[in-house]
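Throughout, read-outs are computed from the coordinates displayed, never taken from laboratory work. Treat the numbers as computed from the prediction; the structure is a model and nothing was measured. Heads up, the Cβs are rebuilt from the backbone with ideal geometry, glycines too, and the neighbour counts pull from every protein chain shown.
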Amino acid sequence: MGKILVTGGTGFIGSHTCVSLINAGYEIVVMDNLCNSKVESLARVSLITGKNPRFYKTDLNDYKEMCQIFEDHKIDAVIHFAGLKAVGESVKLPLTYYHNNISGTINLLKVMEKYGCHKFIFSSSATVYGENNPVPYTEDMPTSATNPYGYTKVMIEQILKDVCTSNSDWKVISLRYFNPIGAHESGLMGENPNGIPNNLVPYIAQVALGKLDKLHVFGNDYDTPDGTGVRDYIHVMDLAEGHVAALKYANSVNGFEAINLGTGKGSSVLDVVKAYEKACGKKIPLEIVARRPGDIAESYADATKASEVLNWKATYSLEKMCTDSWNFTKQNPKGL
Ligand code: NAD
Ligand code: UD1
């Protein structure tokens, strides 16, 4: 069996997936340019698994160095996490986002074509369901976006479909993640955002630590049970296991397939606050403020396809996600 190349493997989801891949018996090679992560996360992977995967500090857009990885190893499949992911930043720096995410993916696909490697698992996002589809989201719904980050996901999915049409050797799975949170239960690995977090759970974690005063709840006048936004939070280790399941399934895929990775269950901002308070044993001070532009009321998956084709289901509760997030946060108050 050839090896699995994990791009963006020192990042949040990538590093957790490295643990699941190694535990499932795969031999992995990791590449990342470390623009949003530290190589320390691979040391943590080694600590947990007892294996030391080969690491390349390389940029996706560097054709020569990407070729070198394929020269050095027989790569059977690529799991492609590498990309920039901050929505607000993407509005300010659209060209940076399109160059990094889209050109970077095109470069990677060219290198894969050159070396005859055609199995590809892509990190897509629930953001491709846009603003107008009714929940729960099913994979056959039309895709759209509202910001450059979202467009990179929509466009890369289109590119992948076109590549599959051009050559029937390709086996491509686009995994549409809902809201990944939590951490490895050892507390050795977790989410490590730079600066003030944009996303709900990393923000709450900093409030629980005492580094931030209070949570700003973005609107309580949505058409949802308690008025706050509803999302499908999924434990990052469940998500990691979803990649192992997808890798197995990829052998029987012909062309392009999109698959949701979510729990199928929505939780409100206040549900998350309650679960986090229970996990950390502290009150999370909060203030209701205006809606965040671009936010939608509800987003959650129809998770039927993943259970049918991947034989995979999310298993961890919101309480466990918050317990593991807190465990990581208090063990690593300054991040990794
Ligand atoms: P992350 O930032 O922790 O990991 C991404 C990694 O890619 C980082 O380590 C970064 O250094 C690396 N990277 C970025 N550009 C690169 C380049 N040009 N060359 C080499 N490496 C590069 O983010 P994450 O949360 O682990 O997300 C992984 C993937 O999943 C991303 O594609 C993201 O868009 C997607 N995704 C994330 C979420 C989420 O909420 N975290 C949701 C849906 C989809
Ligand atoms: C984020 C990304 C989106 C990605 C999705 C899935 C942004 C703007 N969007 O969206 O592209 O596809 O994750 O991972 O980053 N909230 C607060 N206060 C806060 C932060 C968030 O009330 O300080 C609320 C939001 O209004 C929302 C919920 O918490 O209702 C979740 O927010 P967040 O964690 O940012 O995720 P998404 O908005 O789903």
Based on Cα coordinates alone, diagonalise the gyration tensor for the stretch 115-220, multiply each eigenvalue by 5, take square roots, and list the semi-axes in whole Å, largest first.
33, 19, 12
So the FRET efficiency between SER186 and GLU319, C-beta based with R0 = 22 Å and rounded to 0.05, is 0.75
For the chain, the longest principal axis of the Cα atoms and the Cα long axis of helix 148-166 enclose an angle in degrees, to the nearest 10, of 30
If each of ASN52 and ASP140 carries a label point 7 Å out from its Cα toward its Cβ, how far apart are those two points in nm?
5.1
In what sequence do ILE69, ILE259 fall when counting other Cβ within 10 Å, fewest first?
ILE69, ILE259
Expected sort for 169-178, 7-16, 45-54, 77-86 on mean C-beta neighbours within 10 Å, highest first, is 7-16, 77-86, 169-178, 45-54
What residues have an amide H closer than 5 Å to that of GLY229, excluding those fewer than 5 places away on the same chain, when H is modeled at 1.01 Å from N in the peptide plane?
VAL269
Angle, helix 63-72 long axis vs. longest principal axis of the chain, Cα atoms, 0 to 90°, nearest 10?
70
Quote the FRET efficiency, to the nearest 0.05, computed for CYS67 versus ALA24 with a Förster distance R0 of 30 Å and r equal to the Cβ-Cβ distance.
0.60
Proportion of all alpha-carbon pairs of the stretch 1-131 beyond 23 Å (%):
31
Taking 0.36 nm per residue of separation and subtracting the Cα-Cα distance, what length does fully extending TYR115 through ASP226 add?
34.7 nm
Quick one: plug the Kirkwood hydrodynamic radius of the stretch 163-217 (C-alpha pairs) into Stokes-Einstein at 20 °C, 1.002 mPa s, and report D in µm²/s.
148
In the Gaussian network model of the chain, springs joining C-alpha atoms below 10 Å, which of ASN179, ASN192, ASN254 carries the largest mean-square fluctuation?
ASN254
Placed amide H near THR146: partners under 5 Å, 5+ positions off or other chain:
TYR151
Cut-off is 10 Å between beta-carbons; in what order do MET321, MET31, MET1 appear when sorted fewest neighbours first?
MET1, MET31, MET321
To check you understand DSSP bridge types, tell me what percent of the beta bridges within the chain (both residues inside) are antiparallel, rounded to 5.
5
Quick one: Karplus J couplings for the stretch 106-120, per residue in order, coefficients 6.51, -1.76, 1.60, θ = phi - 60°, nearest Hz, x for Gly and Pro?
4, 4, 4, 5, 5, 5, 4, 4, 4, 9, x, 9, 10, 9, 9
Fewest-first ranking of ILE296, ILE28, ILE159, using other Cβ atoms within 10 Å as the exposure measure
ILE159, ILE296, ILE28
D (µm²/s, integer) via Stokes-Einstein for the stretch 55-152, Kirkwood Rh across alpha-carbon pairs, 20 °C, 1.002 mPa s: value 143
Under the Debye formula (equal points on every Cα, no solvent term), log10 I(q)/I(0) of the chain at q = 0.07, 0.09, 0.10 Å⁻¹:
-0.26, -0.45, -0.56
Explain nothing, just compute: Karplus ³J(HN,Hα) = 6.51 cos²θ - 1.76 cosθ + 1.60, θ = phi - 60°, for every residue of the stretch 192-201 in order, whole Hz, x for Gly and Pro.
9, x, 7, x, 7, x, 8, 8, 4, 5
Extended-chain gain in nm, criterion 0.36 nm per residue less alpha-carbon gap, SER166 and GLN331
54.5 nm
Work out, step by step, the length gained on full extension between ASN251 and ASP295: first 0.36 nm times the residue separation, then minus their alpha carbon distance; give nm to one decimal.
12.1 nm
Using only C-alpha atoms and all pairs of different ones, pull out the Kirkwood radius for the stretch 35-102 in Å with one decimal.
14.3
Ordered by residue, what ³J(HN,Hα) values in Hz, to whole numbers, does the stretch 275-289 give under the Karplus form 6.51 cos²θ - 1.76 cosθ + 1.60, where θ = phi - 60° and Gly and Pro are x?
5, 5, 4, 5, 5, 9, x, 10, 7, 9, x, 9, 9, 7, 10
Under the rule of at least 5 residues apart or a separate chain, name every residue whose amide H is placed under 5 Å from the amide H of LEU261.
ARG176, TYR177, PHE178
